[in-house]
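See structure below.
The values are calculated or read from the model by the stated rules, or taken from the named source; none is laboratory data. Quantities reported herein were computed from a predicted structural model and do not represent experimental measurements. Cβ placement follows ideal geometry from the backbone for every residue including glycine, while neighbour counts extend to all protein chains displayed. To get the accessible areas, we keep the full protein, side chains included, count just its heavy atoms, and leave off ligands, DNA and RNA. Shrake-Rupley method; radii C 1.70, N 1.55, O 1.52, S 1.80 Å.
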Amino acid sequence: MIIERLDLTDENTAEELWSLQHAAYRVEASLIGVADLPPLRESVADLMACGETFWGCRTEDGDLVGAISTEEETEGDTVALCRVMVHPEHFRQGVGRLLLTHAIGAYPGDVRWEVTAEKRNLPAIALYEKLGFRAVETFAPRPDIAMLRMRLEPGAGGEAKT
């Protein structure tokens, strides 16, 4: 697997990412029973304009099988993991862990990390916990969605920092 920075100013790359996002989030939507998750409503143009930093995981053949995006908070001491997506054909093959480890390693060790996951998305929550993230808050952006905010404090990494 190869991790590379994705250039979303390139429309072909953005379309490839959009396709991956839809495949991954359709599975999550089914898992949690919410058909219209916000990522499924985004267009290619929305992705191109989002301002997040993206890395992709490609097979040796060049297929995009996973992606992760980050966004630095304005204070500069917190980085948000905005999206973590893996193509369903590559679930449970270490792609998500590889992407998370790469993203965390791309920033200084003194930053705090935050990520949100829908409370019913137990596979994602388990992965974040293995990497040292801990639950800090729950909130409901809509009546049918319950989110868990998780945080990784500087120096508190689990498997990601080994």
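Which ones in segment 1-50 are more than 17 Å from the chain's Cα centre (by Cα), outside any helix (DSSP H, G or I) and under 25 Å from Met147 (Cβ atoms)?
Within segment 1-50, Gly33, Val34, Ala35, Asp36, Ser43 qualify.
Please find, among Ala14, Ala29, Ala23, Ala49, the residue that is open to solvent by 30 Å² or more (accessible area, probe 1.4 Å) and of a type in the set (Gly, Ala, Ser).
Working: Ala14 fails: open to solvent by 30 Å² or more (accessible area, probe 1.4 Å); Ala29 fails: open to solvent by 30 Å² or more (accessible area, probe 1.4 Å); Ala23 fails: open to solvent by 30 Å² or more (accessible area, probe 1.4 Å).
One residue alone meets the criteria, Ala49.
I'm trying to understand the selection: among the residues of segment 76-89, which are under 17 Å from Trp18 (Cβ atoms) and either in contact with a Gly (Cβ under 8 Å, 6 or more places away or on another chain) or assigned to a loop (DSSP other than H, G, I, E, B) (or both)?
Hits for segment 76-89 are Val84, Met85, Val86, His87.
Name the pairs: first residue in segment 48-77 and within 17 Å of Val115 (Cα to Cα), second residue open to solvent by 60 Å² or more (accessible area, probe 1.4 Å) and assigned to a loop (DSSP other than H, G, I, E, B), Cβ to Cβ under 8 Å, at least 6 apart or on different chains?
Partner pairs satisfying both residue conditions: Glu71/Gly51; Asp77/Asp110.
Any idea which residue in segment 109-134 is farthest from Glu28 (Cα to Cα), counting only those that are open to solvent by 60 Å² or more (accessible area, probe 1.4 Å) and assigned to a strand (DSSP E or B)?
Step by step, filter segment 109-134, then rank; the result is Arg112.
As an exercise: evaluate Pro141 against (1) over 28 Å from Thr13 (Cβ atoms); (2) in contact with a helix residue (DSSP H, G or I) (Cβ under 7 Å, 6 or more places away or on another chain); (3) not in a loop (DSSP other than H, G, I, E, B) and give the number of the one condition it does not meet.
With respect to (1) over 28 Å from Thr13 (Cβ atoms); (2) in contact with a helix residue (DSSP H, G or I) (Cβ under 7 Å, 6 or more places away or on another chain); (3) not in a loop (DSSP other than H, G, I, E, B), Pro141 is out only on (2).
Identify, from the list Thr70, Thr101, the residue that is open to solvent by less than 70 Å² (accessible area, probe 1.4 Å) and in a helix (DSSP H, G or I).
Numbers: Thr70 fails: in a helix (DSSP H, G or I).
Checking each option against the conditions leaves just Thr101.
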